[in-house]
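Read through the structure below, which is laid out as structure tokens, and then see the notes.
The values are calculated or read from the model by the stated rules, or taken from the named source; none is laboratory data. All figures in this text were calculated on a predicted structure; none of them were measured in a lab. FYI the Cβ positions are ideal-geometry reconstructions off the backbone, even for glycines, and counts take in every protein chain you see.
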Amino acid sequence: MEPRCSRRGCQADAVWALVWNNPKLHTPDRRKVWTACEEHREYLSNFLDIRGFLREVVPLDEYRSR
């Protein structure tokens, strides 16, 4: 089963990995990942970036191959 978009209510297949961490809760090297479909990549990226959490956005296939 393919990962789904992390946007609430979205059932689309994810194609992006949004890598983030919350510096108030996580050590600098800790990374968490939300997944996003094409339609919600910008929305979810902005949500994380405004809070200072976003570290990088990469295609999901690229993230998986690391």
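Annotations
- Per this entry, residue 48 is counted among residues that are in a helix (DSSP H, G or I), among the hydrophobic types (A, V, I, L, M, F, W, C), in contact with a strand residue (DSSP E or B) (Cβ under 8 Å, 6 or more places away or on another chain) and within 19 Å of residue 5 (Cα to Cα).
- On inspection, residue 30 passes the criterion of being at pLDDT 95 or above and assigned to a loop (DSSP other than H, G, I, E, B).
- Positions within segment 46-65 being closer than 19 Å to residue 28 by Cα and either of a type outside the set (A, V, I, L, M, F, W, C) or in contact (Cβ under 8 Å) with a residue 60 or more places away in the chain (or both), in sequence order: 49, 51, 52, 55, 56, 63
- Among the conditions (1) at pLDDT below 95; (2) within 10 Å of the chain's Cα centre (by Cα), residue 44 misses just one, which is (1).
- Within the option set 9, 52, being surrounded by fewer than 11 Cβ atoms within 10 Å (Cβ to Cβ) and on the phi > 0 side of the Ramachandran plot holds for one residue only, 9.
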